[in-house]
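The values are calculated or read from the model by the stated rules, or taken from the named source; none is laboratory data. Here the structure is a predicted model, which means the values were calculated and not measured. Methodologically, a virtual Cβ is constructed for each residue, glycine included, from the backbone with ideal geometry; neighbour enumeration extends over all protein chains shown. Quick note on the areas: whole protein, heavy atoms, side chains included, nothing else; ligands and nucleic acids left out. Shrake-Rupley method; radii C 1.70, N 1.55, O 1.52, S 1.80 Å.
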Amino acid sequence: MRVLIGGGTGFIGQHLCHLLQENGYRVTVISRTIRPDGITWTDIHRHGLPKDCTSVVNVAGENILNVTKRWNDSFKEQVKSSRVETNKLLAKAISEAENPPESFVTISGVAYYKPSETEEYTEESPGGGYDWLSTLTTEWEAAATLPDSMNVRRVTVRSGVVLGKDGGMIQQIFFPFFLGFGGRMGTGKQWFPWIHIDDIAGILAYAVKNKSVYGILNGVAPGTATNAQFASAFAGAMWRPAIFPMPSLVFNTVFGKERGKIILEGQKVIPKRTLECGYKYKYPDLKSACHDLSSIIGWFGLK
Ligand SMILES: NC(=O)c1ccc[n+]([C@@H]2O[C@H](COP(=O)([O-])OP(=O)(O)OC[C@H]3O[C@@H](n4cnc5c(N)ncnc54)[C@H](OP(=O)(O)O)[C@@H]3O)[C@@H](O)[C@H]2O)c1
């Protein structure tokens, strides 16, 4: 049982690799660089898929919130092509494979749904195409389409903000919150669609393992929260106050308005199909997730 994982070197990809290995799968990562445990995108382009893949997963993508990169046309193109072109290449390799895999599982984002303080979105809700980010998610998902005649199970996980100690947003905010300087971001009224890293890796692995899972799954926790509720729960788990709001101007200046939206606007996303298909969350609510994330144990390699 071999799973090929595009972007398997990243924050989500590494957690997914470990989880699948614990479940008895062999994993091979696809990376831009040559690695002992992997192959490169050029290898896929030249030689197609390795022969014995039971599943292909793609979690590759240029980090959209990289503060060192200016939000200009060239960076936006990199953000887009790292998602759309990798999905397209894998879809092509799968459709041309002599022995196609059983499943093709890809990630996308909840930016598909239009930010709103009042709407509630499930996997069946309409979205896409109202701004640059939602158009990106539409094209990202469409790029993984396989010919109808192929008997390959397709799953797309629309992920919310992934919370974990070793990557993503928590790495940026842990120490300000730990020192008591944390607080809501912008107005704090915006929804904060979140998921613990163990659960996003868990849903992706569940999709690989379970032959009855197909289609779109919202990769968010069932315990919905606003940004202010998240800030208060995270600070509270560390016995700190959450009284220093981070003004919108800071995010708009650092990230630019189009990108700052990811933090300053949000969607109330419900994981309806994810729950219906039987996935059991390890961290369904903010309290349990923040308790895990706020523990200093793990931050210094302690177990
Ligand atoms: N983290 C979140 O909160 C979150 C939320 C929603 C959706 N997602 C999506 O989930 C995916 C993984 O996120 P992550 O947090 O694990 O990101 P990450 O840690 O930055 O890892 C992504 C991986 O993608 C590969 N990559 C980066 N730039 C690339 C490029 N220009 N072309 C091809 N591959 C490239 C890298 O692998 P190599 O260096 O080995 O090539 C990298 O290890 C992304 O597509 C992201 O948009 C993440």
Notebook entry, point to check: Since LYS69 meets every condition but one in (1) open to solvent by 40 Å² or more (accessible area, probe 1.4 Å); (2) assigned to a strand (DSSP E or B); (3) within 15 Å of the ligand (Cβ to nearest atom), which condition does it not meet?
Noted result: (2)
Next item on the list: Could you grab me the full set of residues in the range 112-122 that are more than 15 Å from the ligand (Cβ to nearest atom) and either touching a Ser or Thr at 6+ places or on another chain (Cβ under 9 Å) or in a helix (DSSP H, G or I) (or both)?
Entry: LYS114, GLU117, GLU119, GLU120
Checklist line | Residue among GLU85, GLU22, GLU62, GLU77 that is more than 15 Å from the ligand (Cβ to nearest atom) and modelled with pLDDT of 95 or more | finding: GLU22
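Can you name every residue in the range 180-211 that is farther than 14 Å from GLN229 by Cβ and either β-branched (Val, Ile, Thr) or without any contact (Cβ under 8 Å) to a residue 40 or more places away in the chain (or both)? Please lay out each step first, then the result.
Taking the range 180-211 first, the residues farther than 14 Å from GLN229 by Cβ are 180-181, 195-211.
Within the range 180-211, ILE195, ILE197, ILE200, ILE203, VAL208 meet the criteria.
Of all residues in the range 72-103 being acidic (Asp, Glu) and more than 23 Å from VAL3 (Cα to Cα), which is most open to solvent (accessible area, probe 1.4 Å)?
We begin by selecting, within the range 72-103, every residue acidic (Asp, Glu); these are 73, 77, 85, 96, 98, 102.
Keeping just the survivors that are more than 23 Å from VAL3 (Cα to Cα) gives 73, 77.
Details: ASP73: 122, GLU77: 101 Å².
It comes out as ASP73.
Looking at LYS272, LYS257, which one is under 17 Å from LYS69 (Cα atoms) and open to solvent by 70 Å² or more (accessible area, probe 1.4 Å)? First the steps, then the outcome.
Values: LYS272 fails: under 17 Å from LYS69 (Cα atoms).
Answer to the check: LYS257.
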Margin query: Where the second residue is of a type in the set (Lys, Arg) and in a loop (DSSP other than H, G, I, E, B) and the first is touching a residue at least 60 places away in the same chain (Cβ under 8 Å) and lies in the range 236-264, which pairs have Cβ atoms under 6 Å and are six or more apart or on separate chains?
Written below: PRO245/ARG184
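Got a number for residues in the range 184-215 being surrounded by 20 or more Cβ atoms within 10 Å (Cβ to Cβ) and closer than 18 Å to ASN58 by Cα? Write out each step before concluding.
Keep residues of the range 184-215 that are surrounded by 20 or more Cβ atoms within 10 Å (Cβ to Cβ), which gives 184-186, 190-197, 199-208, 213.
Next cut, closer than 18 Å to ASN58 by Cα only: 197, 199-208, 213.
Matching residues across the range 184-215 total 12.
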Next item on the list: Can you give me the number of residues within the range 29-63 that are within 27 Å of SER74 (Cα to Cα), more than 21 Å from the chain's Cα centre (by Cα) and part of a loop (DSSP other than H, G, I, E, B)?
Entry: 2
Check: Somewhere in the range 277-298, is a residue part of a strand (DSSP E or B) and at negative phi?
Finding: no
Notebook entry, point to check: Is at least one residue of the range 115-122 open to solvent by less than 30 Å² (accessible area, probe 1.4 Å) and among the small types (Gly, Ala, Ser)?
Noted result: yes
Next item on the list: Would you mention how many residues in the range 138-175 are farther than 21 Å from LEU16 by Cα and either touching a residue at least 12 places away in the same chain (Cβ under 8 Å) or outside any helix (DSSP H, G or I) (or both)?
Entry: 12
Margin query: Quick test for you: out of GLY48, GLY109, pick the one residue that is surrounded by 14 or more Cβ atoms within 10 Å (Cβ to Cβ) and within 13 Å of the ligand (Cβ to nearest atom).
Written below: GLY109
Next item on the list: Keeping to the range 146-184, report how many residues are within 16 Å of the ligand (Cβ to nearest atom) and of a type in the set (Gly, Ala, Ser).
Entry: 5
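Tell me yes or no: at least one residue of the range 126-137 is touching a Gly at 6+ places or on another chain (Cβ under 7 Å) and surrounded by fewer than 17 Cβ atoms within 10 Å (Cβ to Cβ).
yes
Being at pLDDT below 90 and either open to solvent by 50 Å² or more (accessible area, probe 1.4 Å) or farther than 16 Å from ALA228 by Cβ (or both) is the filter here; which residues of the range 238-251 pass it? Let's see the steps before the verdict.
Residues of the range 238-251 at pLDDT below 90: 250-251.
Selection gives VAL250 alone.
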